[in-house]
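This report concerns only the one structure given below.
The values are calculated or read from the model by the stated rules, or taken from the named source; none is laboratory data. Source: prediction; values computed, not measured. Neighbour counts are summed over all protein chains in view; Cβ atoms, including those assigned to glycine, are modelled from backbone coordinates with ideal geometry.
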Amino acid sequence: MNWKFWEKPKHDIEFIDTTRLVYQMHPVELAKPIRPHFYKNMMERQGEYKFAQCPGMIDLKNYGYIIPAWDDIHIMANKAGSVVHVGGGSRPSPFQKSRPMDAKIVDGVFQPEGVPLQVWHVGSPWHIFVHNKNVSAAVMPAFYHSPFLDDLYVYPGLVDYNEKFTVINFIFACKRPCEITIKVGTPLLQVLPFESKNLTAGYGPADQHQMDQSKSIFSSSKQFYRKYIMNEKKTSLEETNENIR
């Protein structure tokens, strides 16, 4: 008997390659060690990596996980419409084909320039399994990692993953005329897991103590926010070999 079935899950969240074709060559990655797509340009223009000096932006860039492209994705858009093709070369791609979605669902979210609004769905080989019922995930465009966001609008979503829903998809529309190839391994999506809790909120004028608090961040200490305010957010990642039977 396989006693693993009865074992407590090792991880809160697991990314499972249901095709068994990409997890070795292009696995899910931690966001933190991946350089932003503009790193080289910033170094050439300014001689230093100034982006790291903004703690809020760098915290978002470093948090969570990156889903890399599992195959080449070819995209062409002009005034007649857009075409999306997954794969390339002489052999057909083993992954799901791209398919158009009903654009009426997101009509008005942004205004394309020079191209009609066409929304594309590219199904991922990855599925997300959550073993803590209070863990959800924001599935976002990888704002600081993906080099194609000038041309593509990637639709974000907030997903409550559970035993009944494990799907993650790449859903986008072309912003303007373009002809691009998202190469396999390119950062495609960023997954930001969080613990779902009931929060309460309020609003109103500040009292004297709150006024003082709002001014307390101003200090002569270098990198005051990073040193004294910013919380460390830890995520880990390891290969789950026991899923391969």
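Considering each of 98, 82 in turn, give the residue that is out of contact with any helix residue (DSSP H, G or I) (no Cβ under 8 Å at 6 or more places or on another chain), of a type in the set (Gly, Ala, Ser), free of Cβ contacts under 8 Å to residues at least 40 places away in the same chain and surrounded by 16 or more Cβ atoms within 10 Å (Cβ to Cβ).
Only one candidate qualifies: 98.
Of all residues being exposed (fewer than 10 other Cβ atoms within 10 Å of the Cβ) and within 36 Å of the chain's Cα centre (by Cα) in segment 207-219, which is modelled with the highest pLDDT? Just the residue, please.
215
For residue 42, which of the numbered conditions (1) at positive phi; (2) not in a loop (DSSP other than H, G, I, E, B) fails to hold?
Of (1) at positive phi; (2) not in a loop (DSSP other than H, G, I, E, B), only one is false for residue 42: (1).
Could you list, in sequence order, all residues of segment 109-132 that are aliphatic (A, V, I, L, M), surrounded by 17 or more Cβ atoms within 10 Å (Cβ to Cβ) and within 13 Å of residue 154 (Cβ to Cβ)?
Once the filter is applied, which keeps residues that are aliphatic (A, V, I, L, M), surrounded by 17 or more Cβ atoms within 10 Å (Cβ to Cβ) and within 13 Å of residue 154 (Cβ to Cβ), segment 109-132 yields 119, 122.
Would you check which residues across segment 113-127 are under 20 Å from residue 141 (Cβ atoms) and in a loop (DSSP other than H, G, I, E, B) and list them?
If the condition is that a residue be under 20 Å from residue 141 (Cβ atoms) and in a loop (DSSP other than H, G, I, E, B), then 113, 115, 117, 118 are the ones that fit.
Have a look at 25, 57 and point out the one that is assigned to a loop (DSSP other than H, G, I, E, B), within 27 Å of residue 128 (Cα to Cα) and among the aliphatic types (A, V, I, L, M).
On inspection, the qualifying residue turns out to be 25.
Counting residues that are in contact with a strand residue (DSSP E or B) (Cβ under 6 Å, 6 or more places away or on another chain), modelled with pLDDT of 95 or more and β-branched (Val, Ile, Thr), which strands (runs of 3 or more DSSP E) fully inside segment 142-206 reach at least 2?
Per the criteria, 167-174, 178-182.
From 135, 159, 191, 167, which residue is closer than 25 Å to residue 32 by Cα, of a type in the set (A, V, I, L, M) and crowded, with 21+ Cβ neighbours inside 10 Å?
191
Mind checking which residues of segment 28-39 are assigned to a loop (DSSP other than H, G, I, E, B) and either basic (Lys, Arg) or under 15 Å from the mean Cα position of the chain (by Cα) (or both)?
28, 31, 32, 33, 34, 35, 36, 37 - these are the residues of segment 28-39 that are assigned to a loop (DSSP other than H, G, I, E, B) and either basic (Lys, Arg) or under 15 Å from the mean Cα position of the chain (by Cα) (or both).
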